[in-house]
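Q: Take this structure first; my questions come after.
Each reported figure results from applying straightforward, stated rules to the coordinates on display, with no laboratory input. Note that the coordinates shown come from a computational prediction; the quantities given were computed from them, not determined experimentally. Using ideal geometry, Cβ is built from the backbone for each residue, glycine included, and neighbour counts are taken over all protein chains shown.
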Amino acid sequence: MPETDMSEAATALPPVAEIFNPHSPEYMNDPVPQCLALAERGPIVWYEPWQAWIITRMEDVMACWKSEPLSSDFYDWEFAPERPPQDKWSNFERAMIGHSLLADHGHHRLVRKVVSPAFSRNVVDKIQEKIKPDVEKLFDELGTPETFDYIEEIAQHIPFISITRMVGIPEKYWPEIRKVILTFTETWNPTISDEQREAARQDCNKAIDIILKVIAERRAQPEQDDFLSTLLKIEEENENFEEWDIVTLVLALIGAGADTTLVAQQWSVYTLVQHKDQVATALASPDAFSNAFSEINRWGVSSKMGFARYAPEDMEFMGQQLRKGVMVLMMPHLKDYNPAYYENPETFDAERVFEPDAMFGYGPRFCIGAALAKRQLYLTMCELFRRFPDIELAEEPERDPDDHNAIVFKRLMVRTNA
C-alpha cells in the first residue's frame, strides 16, 4: 500500500478509547472483541484515558519481563506521589521503597534466590496437608444446601485462611489483619483515585504493624513448620536479606495472594461447572490442575489492566520515544482468544498445551508464589466436586464493576443437586 494510503487508513481508525474500555459493561460481559481489536492496532499502543502505552504482543511482554528495561517501582510513575525522604517514611514507604518486590534488579534476584527453597515442591506438599483441614471445615459448616453463593460461603475465606496459615500468622490476628491487608494491591494501581490509593496505603501501614508484631513474637518463640520461620532462618544466614524483605514478602503473599486467588476461585468454579466432562481430567493431579488452571485463566479472560511498568528515563522503547515516568502496561491476556496463539480459542480444553506458560509472569519476574496459589485452588476444587459432583450454576452471575483490576462476580450462585 502506498505511504499516503497507509496514512489515510490510520487516520480513519477510531480512537483507541472507542474500541477498548476495560471498565465498560461491554468489556465485563465479553472482553474478547475489545482485546482482539486493541491487539490489532499494533505492538505498542497509546491509551489516552490512562496516559499509558500498552504492549499488546506476548513475545514483547516476555522480552520485557526477561530483560527488565523498565522500572517496576510505583514511585517512578510520573503521576505518583512524590517519593518522601527517608526520615519521613511510614511503614508503607519502608516496605515499598527498595523492597524485594520493587527493588533494584540485583536485590530482587538475590531475594528470589535465597527464598526459592521455601517454595519447593516438597514444601508445597506439606502446606497442602496443613490447609486441608481448614478447607474441609468450611465445607462441613456449609452442609448440603440446595443452593448457595460460592463467593460468600467459600471463595472469600479460602485464600486468606490458606495463605495466612501457610505464612504462620497466628489465628488471634486473623480478624484484625484481614480488615487491612486485602487492599494491598490497590496501593500501586495507577488507574484508581488518589483517595482510594491513600486509604489502601493507610491499611497497609496497619497490616505491617501486625506483621512486625508477629515477627517479634516468632523471634522470641521460634517455630519450624511455616513460611515465616523459614524466612527468619534465611535472614540469619544471608546478611543482605533483612527484616523488611520478610515484611514485604509476607505482605505480598497475604495481600496480593489473597486478592488474586479470590478472583481465581470464582473463575475456576464458573468454568469447571460449565465443563463438567473435563473436571476429572483437570483434577487428576496437582500437575494436571496446574495446566488446567492456565486454561481456566485463558478461557475466562478476567484481567482488566495487566502489569504496570514505568520509563526510568527518557528513552526509546519498541520504536517509541518514552518520556521519563510514563506508564507502560503489559497485557498478555490480549492474546487469549487470538487464533494465531491458540487453536480453537473459543473451546475450553483442560489439556491444552502452554509453551511457555507465562500466566504467572516470566523470567526474573515469575510469581514466586504461583505453585502455592494453584495448590490451594486445586485442593478447594477437589473438595467442591467431591461433595457436589452434580453442581451447576443456579444463574448466570452478574459482573461487579467495582473491582479495580479484574472481572469478578457480585455473587456466584450454584445449585448442588445434592
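Q: If you line up the Cα atoms of the chain on their principal axes, what length do they span on each, largest first, in Å?
A: 72, 59, 37
Q: Check cross-link reach from LYS335 to the aspartates and glutamates: straight Cα distance under 19 Å, and skip same-chain residues fewer than eight apart.
A: Leaving aside aspartates and glutamates fewer than 8 places away in the same chain, those within reach of LYS335 are GLU26, ASP30, GLU40, GLU59, ASP60, GLU295, GLU343, GLU346, ASP349, GLU351, GLU355, ASP357.
Q: For ASP209 and GLN86 in one chain, what is 0.36 nm times their gap in residues minus the Cα-Cα distance, to one decimal in nm?
A: 42.5 nm
Q: Taking K and R as +1 and D and E as -1, what net charge do the other residues with C-beta under 10 Å from the C-beta of ASN417 add up to?
A: -2
Q: Further question on the same structure: With no solvent and one point per C-alpha, what does the Debye sum give as log10 I(q)/I(0) for the range 179-272 at q = 0.11, 0.15, 0.24, 0.25 Å⁻¹?
A: Normalising to I(0) and taking log10 leaves -0.41, -0.70, -1.16, -1.21.
Q: If you add up the charges near GLU78, with Lys and Arg at +1 and Asp and Glu at -1, over every other residue whose beta carbon is less than 10 angstrom from its beta carbon, what do you get?
A: The answer is +1.
Q: Starting from the Kirkwood Rh over alpha-carbon pairs, what translational D in µm² s⁻¹ does the range 274-418 have by Stokes-Einstein at 25 °C and 0.890 mPa s?
A: Calculated translational D: 138 µm²/s.
Q: Report the dimensions of the range 14-82 along its three principal axes from the alpha-carbon atoms, largest first, rounded to Å.
A: Ordered largest first, the range 14-82 gives principal extents of 34, 30, 22 Å.
Q: Amide H neighbours of ALA350 under 5 Å, at least 5 residues apart or on other chains, H built in the peptide plane: list them.
A: Correct list: empty.
Q: Quick one: net charge of THR380's neighbours, Cβ under 13 Å, K/R +1, D/E -1?
A: +2
Q: On to the next question. Quick check on the chain: helices-only [θ] at 222 nm, where DSSP H runs of length 4 and up contribute -39,500 (n - 2.57) each and the sum goes over total residues. Nearest 500, please.
A: When only DSSP H runs of four or more count, the value is -14000 deg cm²/dmol.
Q: Longer than 23 Å from Cα to Cα, which of LYS66/LYS113; LYS113/LYS206; LYS130/LYS304; LYS126/LYS233; LYS132/LYS233; LYS137/LYS172 are they? Say none if no pair is.
A: Violating the 23 Å limit, Cα to Cα: LYS113/LYS206; LYS130/LYS304; LYS132/LYS233.
Q: Determine the relative contact order of the range 40-415: mean sequence separation of Cα pairs under 8 Å and six or more apart, normalised by residue count, in whole percent.
A: Once divided by the residue count of the range 40-415, the mean separation gives 27 percent.
Q: Still on this structure, please answer the following. Restricting the calculation to Cα positions, tell me the Rg (one decimal) and the Dmax (whole number) of the range 320-382 in Å.
A: 15.8, 50
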